[in-house]
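The values are calculated or read from the model by the stated rules, or taken from the named source; none is laboratory data. Only a predicted model underlies this, so the values are computations on that prediction, with no experimental measurement involved. Heads up, the Cβs are rebuilt from the backbone with ideal geometry, glycines too, and the neighbour counts pull from every protein chain shown.
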Amino acid sequence: MLGFTPNMKLYSLCVTGGLLLFVYACFYSESIRKRHVLHDLGIINSKSDIFNDNGAKDNTTCGLLLLRTLSSHHPSKTRNKVLPQGLLYKKPSVVSGRTDVVSVTPWMAPIVWDQVFDSVVLDSIYKQMDITIATTVFALGKYVLFLKDFLHTAEKHYMVGYKVDYYIFTDRPGDVPNVTLAEGRRVRVLKVPSSNRWQEISARRMEMIQTTIESTIRGHADYIFCLDVDSKFHAHFGVEALGRLVATIHPGYYATERESLPYERRPESRAYIPFGEGDFYYGGAVFGGLLEDVRTMAEICRRNFEADTANGIEAAWQEESHLNRYFTYNKPSKLLSPEYLWQDVAGWSKHVKIIRFSGVAKNYADFRPN
């Protein structure tokens, strides 16, 4: 039997070494890609594997989030915006338009106001995608009384012409009203425990959004919006609101200076935002985005909320404070103007030319358990 010559051995070593280098390069490239995805989603910062949830480092959680995120972070029909040929619409302009409001943030996220979008164009794009929008609503205790008007007005104005699944969390499923829904739209009632404190209801909200996405909604919807039930729709609320991660500017503070925004200011809280930081004050009554982006946000807000609770801390505005903390350091890809979250008691504003969604006037003592 012939043995290997020195040249053959050298050749074999070179081939083996080349294969090992190739495998390592592929692994390293994939590792870098995963870190870029996590960084783009705001889960880790650019220098380490530290989560952007007030600096907590947890490699186990990092690995779990990595697997969950990358398993669903793939090219999606929701990301492609293809306009049908032959569609006629008004030509956009770069030199005229609204000058009374700002329509883009410093990080280049659009702020959606009336007259800055064309519904004809957007519907022509999105209706080809056959998307479904999951919509969560919490109607516990007497808040179930708001459901009829919420659903009735939603069917007139909210994502009209698109598939919508309303996920109603309630402790009174027998009181959920029977409202006629358009084709492709449905109500799913999820029974949850009652609570004697509205703060506890607020605290559980992020957890229930996270777990419901994981157990029920994932695979059945493309986007999700989380809305307050004690509200009504008054005008068009459509696909112009969709985005990767969507926040809504609170109507009470959209013109307020940074130092006067009602952030959580105690450093010991996981919702803490120092003076000098922050962009806007975001309302907890309207937020949304792609399923996995909202799921990640909900999980981090929940963990921060639980950490505060373990330390005997309740943030100034419960989950809304944690939401603002998250959006401060994980920038939303789109912002909705106060048109999408007004208050019936607020009157009119020269900047808000149309009210699309608004919280109804009420005496909180009549509806909250404490």
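The table below gives the values:
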read-out	value
Options 154, 139, 134: the member that is of a type in the set (A, V, I, L, M), assigned by TED's automatic domain parsing to the domain that holds residue 187 and within 18 Å of residue 247 (Cβ to Cβ)	134
Count - residues of the range 259-300 that are part of a helix (DSSP H, G or I) and either touching a Pro at 6+ places or on another chain (Cβ under 6 Å) or among the hydroxyl-bearing types (Ser, Thr, Tyr) (or both)	2
Odd one out for residue 366 among (1) surrounded by fewer than 16 Cβ atoms within 10 Å (Cβ to Cβ); (2) closer than 19 Å to residue 150 by Cα; (3) modelled with pLDDT of 90 or more	(3)
Filtered residues of the range 286-308 (kept if free of Cβ contacts under 8 Å to residues at least 24 places away in the same chain and closer than 20 Å to residue 357 by Cβ)	none
All positions within the range 162-187 that are surrounded by 14 or more Cβ atoms within 10 Å (Cβ to Cβ) and either under 23 Å from the mean Cα position of the chain (by Cα) or aromatic (Phe, Trp, Tyr) (or both)	162, 163, 164, 165, 166, 167, 168, 169, 170, 185, 187
Unique residue being loosely packed, with under 13 Cβ neighbours inside 10 Å, in the same structural domain as residue 158 (by TED's automatic domain parsing) and at pLDDT 90 or above when the list is 128, 115	115
